[in-house]
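Here you go, one structure.
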Amino acid sequence: MPVDEDIAQLKRIDPADSIGDQLDPDCPEARALLARVAEQLGDDVPALSDRRFPRRLGLATAGMTAVAAAVLVLVLTPSTDRSPGVSEASAALHQLSLAARAHRESDPPLRAGEYYYQRSEGYGSPEKWISRDGSVAFTSPSLDRIERSGPRPFTGFGLQPGDGLTYEQMVDLPHNPDALFVHVKRASEFEIPPDAKPEEVAGIKAEEESQPLNERMFFAIYAFLIDNPVPADLRAPLYDVAARIEGVELLGEVRNHAGEHGLGIGMWRSGGPDDPDPPITEDGVAINQREDLIFDQKTGTIIGYRTVLNGKPKGQAFVETGIVDEIGERP
C-alpha cells in the first residue's frame, strides 16, 4: 500500500477529524497507523490512497471512526521514540477527540424539556439536573432535599472575554477546530478599551503578563468542560484545540476522586518543574499548582477533574451522567 500517499491524503482531511496534520511521512507510528486502519477495514475495502475520503472523518461511518479510535489507543501510547512533531499530550487529546466522535450518538445535545443529569463525588453537590436555560436543580446533603437555582448563562468563552453563553450559543460554537481555536484565542485575549486611562492600560498589561495566553486558553477550556453540559460533538473539537496549546502535559493513568482509572491531561497554573521562580507563600513555601482533567479513554468523556497543590490532589469525580426528562429522574 502506498503509505506516503495515504499520509498526504490524511493531511488534506479537515483537522477537525484527523491527526493527519500531525503525522510525519517518515514516522513509523504514522505508517503503523495507516497499515492497521487498512487491515481493520478489511480486504473488501480499497486501499486508503485509492478511495475517496469523506470531507470530514466525522461524516464517515461510526464503524470506521471507532476503528480509528481503537487503532489510536494502540499507536498513541507514551513512547520515548515519538516523532518530535507530535507531543504525547497532543496525540492523546486527538485520540480522545476521535473517541468522543465515535460515541456522539450516546451523548447528544439537550432538547427542550430535557435535563442533563450528573452524579458526582468530591466537590459540589452529589447530584445535579441542568436545563437548557442554565437553571440547576441539585441535591443538598445537609437538607436532604432538592434545591433549585434560577436560569443563568453557561460559563466559558463568549463572543467577548468573560461573556456567558446561552445553550443555543454554546452548541452553535464552531465545530471546526481551526475556527474554534481562533474563537477561544480571541475570547482569551485581553482587550484595551480605546478610552482606557494610562493606569488602566498598565493594569490590563500587568494582568496579561501574569498569565500567558496559552494558559488562559487552556483554563478557559478546562472551566468550560467541567462547568457545562457540553455534548460530545463539541467536546471533540475542543480536545483538538487543547492539543494545539503549548504547555499541556500528558499525565498517563490517574484516578479520579471516586478511585476510577482514567487518562490525565493537565497544565501548571503556578510553579512546576520548569518554573525556576514559583510563587512563595508568606511562610516561604513554594506554590506548585497543576489543574488536571481526567478522561475515559474509550468514550472521550470527562470523569473528573482535580487541583494538585504541592503534590496533594483534590477534586471531583463525575460518576454518572446522562439525559433525563424530569428533575429527580436518573438515567
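Give me, ordered by chain and number, the residues 5 or more places off Ser270 or on other chains with an amide H under 5 Å from its own placed amide H.
When sequence neighbours closer than 5 places are left aside, the close amide H contacts are Gln289.
With 5 Å bins from zero, work out the P(r) of segment 115-324 over every alpha carbon pair and list the percent per bin.
With a bin width of 5 Å, the distribution comes to 1, 7, 13, 17, 18, 17, 14, 8, 4, 1, 0.
Here's another thing I want to ask about it. Could you give the length gained on full extension between Val182 and Glu200, defined as 0.36 nm per residue of separation minus the Cα-Cα distance, in nm? Walk me through the numbers on the way to the answer.
Details: separation 18, 0.36 × 18 = 6.48 nm, distance 2.61 nm.
Net length gain for the segment: 3.9 nm.
Could you tell me which of Ile280, Ile323, Leu293 has its Cα farthest along the dipole of segment 279-326 towards the positive end, charges placed at Cβ (Lys, Arg +1; Asp, Glu -1), taken about the Cα centre?
In segment 279-326, that residue is Ile280.
Ordered by residue, what ³J(HN,Hα) values in Hz, to whole numbers, does segment 173-190 give under the Karplus form 6.51 cos²θ - 1.76 cosθ + 1.60, where θ = phi - 60° and Gly and Pro are x?
3J(HN,Hα) across segment 173-190, in whole Hz: 4, x, 9, 7, x, 5, 5, 5, 4, 4, 4, 5, 4, 4, 6, 8, 7, 7.
I need the phi-derived Karplus couplings for segment 148-153: 6.51 cos²θ - 1.76 cosθ + 1.60, θ = phi - 60°, integer Hz, Gly and Pro marked x.
9, 10, x, x, 8, x
How large is ³J(HN,Hα) for each residue in segment 286-301, as worked out from phi by the Karplus curve 6.51 cos²θ - 1.76 cosθ + 1.60 (θ = phi - 60°), to whole Hz, x for Gly and Pro?
The phi angles translate into 5, 9, 10, 10, 10, 10, 10, 10, 10, 10, 7, 5, 6, 10, x, 7 Hz.
No lab work stands behind these numbers, since they all come straight from the coordinates. All figures in this text were calculated on a predicted structure; none of them were measured in a lab. Note that each Cβ is placed from the backbone with ideal geometry, even for glycine, and that neighbours are counted across all protein chains shown.
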